[in-house]
Structures are given as structure tokens and as C-alpha cells.
1. Roughly speaking, what is the stretch gain from Val332 to Asp382, that is 0.36 nm per residue apart minus the C-alpha to C-alpha distance, in nm to one decimal?
2. Please give, to one decimal in nm, the separation of the simple spin-label points placed at Glu269 and Glu77, each 7 Å out from Cα toward the Cβ.
3. Quick one, which of (i) 73, 48, 39; (ii) 86, 57, 42; (iii) 62, 54, 39 is the actual Cα extents along the principal axes in Å calculated for this model?
4. What would the Debye equation give as log₁₀ I(q)/I(0) for the stretch 8-97 at q = 0.10, 0.11, 0.15, 0.16 Å⁻¹, counting only Cα atoms as equal point scatterers?
5. Treat each spin label as a single point 7 Å out from the Cα along the C-beta direction, and report the Ser10 to Ser238 distance in nm.
6. Test of understanding: what is the full-extension gain from Ser41 to Ala69, defined as 0.36 nm times their sequence separation minus their Cα-Cα distance?
7. Among rounded, prolate and oblate, which fits the stretch 289-427 when a ≥ b ≥ c are the square roots of the eigenvalues of its C-alpha gyration tensor, a/c under 1.5 means rounded, and a/b larger than b/c means prolate?
8. Rounded to the nearest 0.05, what FRET efficiency is calculated for Ala283 and Thr219 with R0 set to 25 Å and r the Cβ-Cβ distance?
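The values are calculated or read from the model by the stated rules, or taken from the named source; none is laboratory data. These numbers were taken from a predicted model, which means no experiment stands behind them. Cβ sites come from the backbone with ideal geometry, for glycine too, and all protein chains shown count toward neighbours. Ligands, DNA and RNA are excluded from the accessible area calculation, which covers all protein heavy atoms including side chains. Shrake-Rupley method; radii C 1.70, N 1.55, O 1.52, S 1.80 Å.
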Amino acid sequence: MSRTYIKDASGQVGQSITIKGFVHTLRRQGGISFLIVRDVSGMLQCVVLKANETAFATAADLSHESVVAVTGKVKAEAQAPGGYELEVETIEVLSTADPELPIPVVAEKGGGDSNQNARFDHRWIDLRLPEKRNIFKVWTQLERGFRQYWLENNFIQVYTPAILGAPSESGAEVFTVKYFDREAYLAQSPQFYKQMALASGFDRVFMVGPVFRAEPSFTTRHMTEFTGWDFEMAYIDSHHDVMATEEQLLISGFKSLEANIDPEVLGSEFKVPNAPFPKLTMAEAKERLAKAGVPSEKAGDLSPQEEREISKIIEEETGSQFVWITDYPIDVRPFYHMRHADNPGLTKSFDLLFKGIEITTGAQREHRHDILLKQAQEKGMDLELLKFYTDFFKYGCPPHGGVGMGPNRIIMQLLGLPTVKESAFLPRDVKRINP
């Protein structure tokens, strides 16, 4: 049976078509039944007349969210939602839904915090809401723009393992798993392996994959597993080369959204950014915040409140929704970040804030084997466990740098979602590992 997507029905007035989808709403009025059928492209009102006994009887037994194939003639109807309706000829029930839905699909648009757990428990039903589907349309188009930039600028995609023999960061927030007769770790980032690709001569690489963080955090901005977008590039002069590349990458992604996503979905605050983005060193950011009366929780890093406030200050001054924070002190950065030659207490690193939240961490990496070993020792790292990584730099490696991005946070900020979990297909946090 051929199928017409609902979005294309308006161009087929007077023709008989078949649509397939879910019964979104069902209303009976005397000798007429009205069905709103929903597919991935939209909704269409279907009118079943009592004279059509078979179809009318089928409609009478339908439950909300049942899956149907409806054949009928498309008619222009000013009073119908969208200005068109389907005069039903036949209804085929493809799957019957239990009439007692565990969560509402129509009554509550998106649901609220009070039923968030119930919605995530039944995520496959929650995602039937058109506004939830839009989240992943935005994901798709944002990545489309990113991927277009990467491919047009000679980046090679690589696929790195999620199971590591040593932690990929210097912190303790790592999941340990039993791996036959020894312990292994779930990757906190693909960091080590994208650097290995550059030591292999790949020059420029990008990757899309899962990232795991064993953080006992219950904030709106954290998950224990999320999708990471990473890239790494060789033969750079400084971390500013990496930052300039990410600016163009984001511009490409935002242009893809502008061209392919309904402006109503993106909202009135959406705009394609202009490069270069404003830049502040950590010291400068702290000065600006102190002047604005914002308390500092940690000398070398920004709290969530500080991120929000410095972003407001910069947007008011420049109109930019993005701001770079650079030159983090060595005590808050991993051992593999390169340090400034004229100020070895600071790293050639950066974070990128978007509308008040960190979405990127990056740096120029230390590629000189002897210095890398020294910095790892200073951080108290076990050099024997790190040997598989440090050996990447023992036989020649070009100067390089890169970033790790959190697209979940970008999507959250773009769409004004209340929590980063709403941007995940199946969120994972301290308490949730199902469905």
C-alpha cells in the first residue's frame, strides 16, 4: 500500500490517498466521527460519515494512540485544522493501543517537572509529542551543518573505543567495569585516541560518540552518559587556531538550522553568530564579575552562576550569545594541556559559553614527550598506566589541539529546555539507566 505523508496532503486535493500514523484525538458527533491522525510530518483531520458503515464501526472502536492506515479523498476545508481534511473511505487498524495510557500525549503539552520521571519511564510515548520530535530535528540539522564543515575542511571521521585500559582524564569521575581478568574504564572522552590519530598522521579528525561521567550530580546540566562531538587538528600555532575553527563550525551548524528548521521551533532569540566571538581570560572574567558584584566560588574556574552572569555582561555589551574564557590555571586542567612558556602556571586552554552555560572545553595539547611525562608526574598520574598514551608522542607528533563539545547543552540552550535530559533520546543520570 502506497503512503502519503501528511505534509504532502495539501497538494493532492480531490485525490484519494493513504496516510499512516497514530490516532492523536478522536471525537464523535452524531453521525460523524472526527479523527486527527498524526505522522512524523504533521497532523490531518479525517472525517468518517455514518453512511460508511464499515469505517464508522472501525472508528467507534479506536483508542487514542492506535496506529492506523486511513484511505480517503483530500478536501479543502477552511474550518479544519490546517485547512484540509480527509473524507475517509477505509480505516485499517495496524496496531491497537491500550486505552489506559501511562502518560498523556495530548492533555499536557510536554508535561511538567511533576511528571518528568513518569515521562522518562515511558519515553517512547513521551517522544510522540511533536515538540519532542522537533528536538531531534534540531539535533539532525545542527550535526548536518557541523559535518558539512568538517568534510569541506579535510577532517577525517574516526570511531574510538568506549572501553579504555586507563582513565582518559585526571579526575576520579570514571566508571570502572570488569573486563575479563582486569579492570577497565568507560571513556570520559575520546581524548587519547583522537591525539593518537594525529600521531598517526591523520592531520584533522572528528568524531561523534558516547561519553561517560561518573558524576554524582543532580543538576539540570549533567548526565552520566551523553553524546560528544569532538575534533582535533594538527600543525596549529596556538589554541587560538582551534577556537577560530570552532567558530566557523558553529556558524555552519547554525546556518543549517536557519535553512532547515521552522523559525517558530527555534524561537525569536535564535541568530547565526558572527566571528570572532568575544574573548576573556579567566583573570579578566573574574575581574568583570567582581566589578558586577558576583561572588567567586573558586579562583581558577567559573561556577554556574558566574557563567550565566559573565554571559549576560558580554551579550549586553556585544550582542554575542557566545563568549570564550581562556588561560585556565594548571590546577583545574588535565595534565596534557600545554602551558604558556612565559607563564607556566596557566594553560593554553579555553571554554566556550553559550547563553550562560559551558558547551565546549578545549586546548592546545602538549605534544612533546618529555614535557608531557613531567606534567603527568606533577598531577600524580601513574606513568606506567599512561604508557600506552604517552608512547603516542615518543616517536614524533605534530603540535595540535582540539575540543570536546556537549551538543546536548547546545540543544538545551537553543530550545530553552528546562533540563539537558530533555535533549537526550534516552537520558542517563545517577538514578536512571532504563528504558
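1. Taking 0.36 nm per residue and subtracting the Cα distance, the gain is 16.2 nm.
2. Result for the modelled spin labels: 4.0 nm.
3. From the options (i) 73, 48, 39; (ii) 86, 57, 42; (iii) 62, 54, 39, the structure gives (ii).
4. Summing over Cα pairs of the stretch 8-97 leads to -0.20, -0.25, -0.47, -0.54.
5. Output for this residue pair reads 5.2 nm.
6. Extending this stretch completely gives an extra 8.6 nm.
7. Prolate.
8. 0.40
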